[in-house]
Amino acid sequence: MILMLVILEKIDMEAKTASFEVPAIGIESQLQLSTMKAMGIHNYHNAAVAALSILGLDIGVDAEALNSTIEILRAPPHRMQIDGNALIEIEFCVWKILPIFGLEHIWQALQKFDLSGLVHKDICGVTWIDDSKATNVEAAYVGLMGLRRQKCVVLLGGLAKVLNGQDSNGFEQLVEPLNNHRCVITFGSSGPMIHKTLVDNGLSIPCIGAANLKDAISHARKMAKHGDAIVLSPGCASFDEFKNFEHRGMVFQELAFPS
């Protein structure tokens, strides 16, 4: 296997394209990201880096061929997953792309990449996003930064993790990205503490306290407007109410789309 130098020149978020250059053979090309059914700016970067890895292996797969695979990428569960009736599990976007070209053996050479999935809206035009895997503040921050272009009702809560040797609980760092959104709803055993931290540190959007996840979703439905997203990105562990983050995510999905 020959490895080639591939340069990712830039990602154009307006045009939703990634520009590549292969200096050794003088080729410049673009990857079209507009068909990727994903939420979050960071997912465009993930897709571009995944494509960069494949192009760099020089295995006969060019950017034009990769363009046809972008729209089939789906989310692993509870990781910025767009909830709907058809929940399609896929952990690695490269693992999904390579078999299309009969190149499963290349899998061992590549890294993991996390992509979001199928966009599904309810009858009110609201998108439901399950990021239950965001069990700490840092993970919630990354998810929120990736949703800067989408107005959201954000659900934060559960059992906050202790930050050893720090005076704060860390949620104050979410104030800046949260201020771009519609509303925050805090819930669970750490809900009151999170609510106080956000308000004391300059949160400028409504912040509603809820007893539990079911109550939080009830409030979220009332606050969300057509075109908004309701995002479970709790920033906390789940053990105050659920077995684990997977259980929390499944309950969220069931409440989002009750049968």
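Values in this text are rule-based calculations from the coordinates and carry no lab data. Keep in mind that this is a model prediction, so the values were computed, not measured. All Cβ positions, glycine included, derive from the backbone under ideal geometry; neighbour counts span all protein chains shown.
Summed over all non-identical Cα pairs, the Kirkwood treatment of segment 138-259 gives a radius of 14.3 Å. Under 5 Å from the amide H of F187 lie the amide H atoms of L156, G157, G158, A210, each residue being 5 or more positions distant or on a separate chain, with H modelled from the backbone and absent for Pro and chain starts. Can you pull the one-decimal nm distance between simple spin-label points at C124 and M193, each 7 Å off the Cα toward Cβ? A separation of 3.1 nm, rounded to one decimal place.
The mean sequence separation of alpha-carbon pairs under 8 Å and at least six residues apart, normalised by the residue count of segment 199-259, gives a relative contact order of 28 percent. 3J(HN,Hα) along segment 248-259, derived from phi through the Karplus expression 6.51 cos²θ - 1.76 cosθ + 1.60 where θ = phi - 60°, amounts to 4, x, 5, 5, 4, 5, 5, 6, 5, 10, x, 6 Hz, with x in place of Gly and Pro.
Filter the cross-link list K222/K243; K133/K161; K121/K151; K161/K196; K121/K222; K214/K243 down to pairs whose alpha-carbon distance in this structure exceeds 19 Å.
Working: K222/K243 28 Å; K133/K161 14 Å; K121/K151 14 Å; K161/K196 16 Å; K121/K222 16 Å; K214/K243 16 Å.
Over 19 Å Cα-Cα: K222/K243.
Between A15 and S204, the modelled label-to-label distance comes to 3.3 nm, taking each label 7 Å out from Cα in the direction of the beta carbon.
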